[in-house]
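Report on the structure given below.
Please treat every number below as a calculation from the coordinates, not as lab data. Small disclaimer: the values here were computed from a predicted structure and weren't measured. A quick note on method: Cβ atoms are made from the backbone with ideal geometry, for glycine too, and the neighbour counts reach across all protein chains shown.
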Amino acid sequence: MTNFAVVKSRNFILGLLLAGFLPVYGAEYGDSVREAHKLREIEVIGMKTDPASASVDGPRTAISGAEVRRLGIVAVKGVGEIAPNIYMPDYGSRMTSSIYSRGLGARMDQPVVGLSVDNIPYLNKDAYDFSFTDIERIEVLRGARALLNGRNTMGGQINVYTLSPLRTKGLRATAEYGTANSARVSAGYYDFVSPTVAMGFTAGWGRTDGFYTNELTGDKTGAENQASARWKTVWRPNAALALTNTAVFGHTRQKGYPYAPVETGIVAYNDTCAYRRTTFADGITVAWAGKRVVVTSNTSVQYMDARMDLDQDFTPAEMFTLTQASREWTVTEDLFTRGSRGKYSWLGGVFAFYRSTDMDAPVTFKNDGVATLIEHNRNQANPIYPISWDTRKFTLGSVFDMSAGGVALYHESALRLGNWTLQAGLRLDYEHTTLAYNSRCNTGYTTWHVLPDGSREVYSHTPINIDDGSGLAHDYLELLPKFSAQFAFAAEHEAFASVSRAYKAGGYNTQMFSDVLQQRIMEVMGMAQLYTLEDIVSYAPETSMNYELGVRGGMPDGRLKAELTAFYIDCRNQQLTVFPPGSVTGRIMTNAGRTRSYGVELTASWRPCDNLMLRGSYGYTDATFRKYNDGRTDYRGKYVPYAPSHTLFAECNLNMPAWRFLGVTPGADVSVRGVGRIYWNESNTLSQPFYAQLAASVNFTADKWSLRLWARNLTGTDYDVFYFMSMGNGFVQKGRPRELGLTLRVNVNLRR
């Protein structure tokens, strides 16, 4: 808490600096305040990328609030496939938020795609999966976005914006019910409380029985209850100044991790699997606009309290369990200015963050785990002097205090020369990480002497009292340049190209400390260690050089729009989630030597008439290892696991006002999503072939309400969404089955 207090004071000082910073620009551009209304809505100028500006606009996928509701997108994971080469598998729990983009990504720790919600950056992907309420729009910025967004945006940036009380008025309510006794209810109220202040309050609740059953206990795995609330305030004292504050609360409780052995396909384990998460975030955006300059400050404070309970062997045996309880504070400050003069425009700023995490992660060995993993291995090595454990249950305790803090300076300049727009930028990122740990175990065992007649006598008793603790620290400095160009060769057509460097932060393998303790116990017993703490404790940053070339265009009336992008990525030290050799209980992040990926992305939308809209996207990625040898196998030329080769999305939306009856307009929507092939291991011996899911809905819309009848995975496609190894055994999770449901929305007194 002391460190947090220090960071709060630093943010307060930044706030004072900002307060002193604004009048300087006010003095220089005082006459321009009257013209500030010509800018777009200032409360959303927290965005760094602006398609209306002179800067080069890279590939992006925009999803409107209407499309979010029409497609039934209820969380960030629903954005996958709509944005080509973006894949977010839905497995495990809401803690599991893996994202893959253009052959990049990993199952744990650092994300490859950044996320911000109402200008609040989420630095921990454990908080990425939350339920949507009153979404105004989503933008997916594809490809490396490190120049403006920094760490962990090698594969892109997702920005989510909720409804603004400046543009929304009245009551909005939603009620939904579907398969597996799934229900969601939400309500929001928006209004002006004074001529210059508007507020919006939203709250939501949801639950589901889950789609999988633990056949051993009869319990539903994946059952969930969740609640959320948001309070958004916008203050516009004049046309040049705006302040937006968003406070968000969320709580989730889930059962299960529906993992089944590959051989049986049946979920059956004996110990509790559950996840609980409580989050709170508050973000303040202050924006001031002059004639040629906009100054913006985005400040956020976030808190997350989470606990995961895991039957880590996922079998009916009494092997071992893991509990991971964490408490985390995050503070961020992003201060930047954007402006233009003639043909020249710029953006520059400073970003700072601090993140502090306390974690308690004990692994408890039970009777079968003691017998199988410890006694059996030891007694096979020395049958004349076998051992027996003093207790049939003991704990390997691990406590961690982790922190990461950093500061970045960034700047980009754009120059418009006729049909050309040239842009260059540079970002300097510095990051300092620390890990303080304590590993402990108090147990013991008895050694027996086997006599010639087969009887046994006590030979010795050995207590085991381990209490290891130490600290580690790393410093990282990254220089991230970007060069890009754009050429407008017709009124509605342009080509663009870019070269940039990006990186994903390094970290620590906390999940392997229980295995290190296990190895320490084996050392006490006179058996050789497979690895030490120094071998697996940390992993290095992942870096990439990114090359992009694209073209976009459309018809002058806007009915047809299309974009084609080709990319090549040279990645060094790519982070991979692997299991070390032996019967281990944990997993580690390691760095592959080098990978490369290339591919194409195509997006298109066509509105042949006012009542019909066709939309589609396709992504292809070829990602292979160029240099990766784990000491046992050379994987050169093999495909990178978990990243799909193809993503596909297609939609047909029909609105039929000619059929309007009693004030109700019918409509229909059909869409398909496809993903694959996905390789499950580095040797490419296991994979999920390409599969597709069909969704459809029928809509009835009136002035103040709408009813939607929907179906997902209408054809009942059978597919595996996740595969992993544990203790030498393979496990899978099946994808969701067919789902049916209905959604009712009511809008009362909305402003026109």
- [ ] For segment 643-652, take each phi angle, set θ = phi - 60°, evaluate the Karplus expression 6.51 cos²θ - 1.76 cosθ + 1.60, and give the result in whole Hz per residue in order, putting x for glycine and proline.
- [x] 8, x, 7, 9, 10, 9, 9, 9, 9, 10
Open item on the list: Taking θ = phi - 60°, what integer Hz values does the Karplus form 6.51 cos²θ - 1.76 cosθ + 1.60 yield along segment 371-380, in sequence order, with x for Gly and Pro?
Closed with: 5, 7, 7, 10, 4, 4, 4, 5, 6, 5
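Calculate, in nm to one decimal, what Ala491 and Gln380 gain on full extension: separation in residues at 0.36 nm each, minus their alpha carbon distance.
Result: 32.2 nm gained on full extension.
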Task: Calculated FRET efficiency for the pair Trp659/Tyr177, C-beta based, R₀ 25 Å, to 0.05 - done: 0.45
Task: Degrees, to the nearest 10: 2-28 long Cα axis against longest axis of the chain - done: 20
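Which order do the peptides 536-544, 216-224 take when ranked by the mean count of other beta-carbon atoms within 10 Å per residue, highest first? Each step should come with its number before you reach the end.
On the way: 536-544: 20.4, 216-224: 17.3.
Final packing ranking: 536-544, 216-224.
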- [ ] Go ahead and run the numbers for FRET between Leu422 and Leu740, Cβ-Cβ distance against an R0 of 56 Å, rounding to 0.05.
- [x] 0.60
Open item on the list: Positive end of the dipole of the chain, charges at C-beta (+1 Lys, Arg; -1 Asp, Glu), about the Cα centre: which of Thr285, Phe400, Gly741 has its Cα farthest in that direction?
Closed with: Thr285
Task: Linear extension gain, Arg632 paired with Asp360, 0.36 nm per residue minus alpha-carbon span - done: 94.6 nm
Open item on the list: Amide H of Ser182 versus every other amide H placed in the peptide plane: which residues, excluding those fewer than 5 positions away on the same chain, fall under 5 Å?
Closed with: Asp209
Open item on the list: If packing is taken as the average number of other Cβ atoms within 10 Å across a peptide's residues, how do 285-298, 380-393, 347-360 rank, most packed first?
Closed with: 285-298, 347-360, 380-393
TODO: Whole Å is fine, so just give me how far the alpha carbon centre of segment 544-572 lies from that of segment 627-706.
DONE: 20
- [ ] Quote the charge dipole size of segment 2-747 about the Cα centre in Debye, to the nearest 20; the model charges only the Cβ of Lys and Arg (+1) and of Asp and Glu (-1).
- [x] 2260
Task: Rounded to 10°, Cα long-axis angle of helix 513-524 versus longest principal axis of the chain - done: 20
TODO: Output the pairs from Lys232/Lys482; Lys220/Lys366; Lys220/Lys627; Lys220/Lys393 with a Cα-Cα distance over 32 Å in this structure; if there are none, say none.
DONE: Lys232/Lys482; Lys220/Lys627
Open item on the list: Checking the a/c ratio against 1.5 first, then a/b against b/c, what shape does the Cα gyration tensor give for the chain?
Closed with: prolate
Task: Highest to lowest packing among 636-648, 197-209, scored as the average C-beta count within 10 Å - done: 636-648, 197-209
Task: Leading residue at positive end of dipole, the chain (Cβ point charges), from Met199, Ala623, Met308 - done: Met199
Task: Antiparallel %, DSSP beta bridges [both residues in the chain], to 5 - done: 100
- [ ] With unit charges on the beta carbon (Lys/Arg positive, Asp/Glu negative), name the residue among Met545, Leu147, Phe724 whose Cα is farthest towards the positive pole of the charge dipole of segment 2-747.
- [x] Leu147
Task: Point-to-point label distance, Ala203-Asp453, nm (Cα→Cβ direction, 7 Å offset) - done: 7.7
TODO: Calculate for the chain the 222 nm mean residue ellipticity that helices alone would give, adding -39,500 (n - 2.57) per DSSP H run of length 4 or more and normalising by residue count, nearest 500 deg cm²/dmol.
DONE: -2000 deg cm²/dmol
Task: Spacing of the two label points (7 Å from each Cα toward its C-beta) at Leu612 and Tyr547, in nm - done: 4.2
Open item on the list: Given R₀ = 45 Å, what would the calculated FRET efficiency be for Asp557 paired with Thr264, taking r from the Cβ atoms and rounding to 0.05?
Closed with: 0.20
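Defining a contact as two alpha carbons under 8 Å apart and six or more residues distant in sequence, what relative contact order in percent does segment 2-747 show?
11
Percent relative contact order of segment 345-427, based on C-alpha pairs within less than 8 angstrom and at least six residues apart?
44
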- [ ] Convert each backbone phi in segment 607-620 into a coupling constant with the Karplus relation 6.51 cos²θ - 1.76 cosθ + 1.60 (shift: θ = phi - 60°), then list the ³J(HN,Hα) values in order as whole Hz, x for Gly and Pro.
- [x] 10, x, 8, 4, 9, 10, 9, 10, 8, x, 8, 9, x, 10
TODO: Name the long-range amide H neighbours of Phe690: under 5 Å, sequence gap of 5 or more, or other chain; modelled H, no Pro or chain starts.
DONE: Arg677
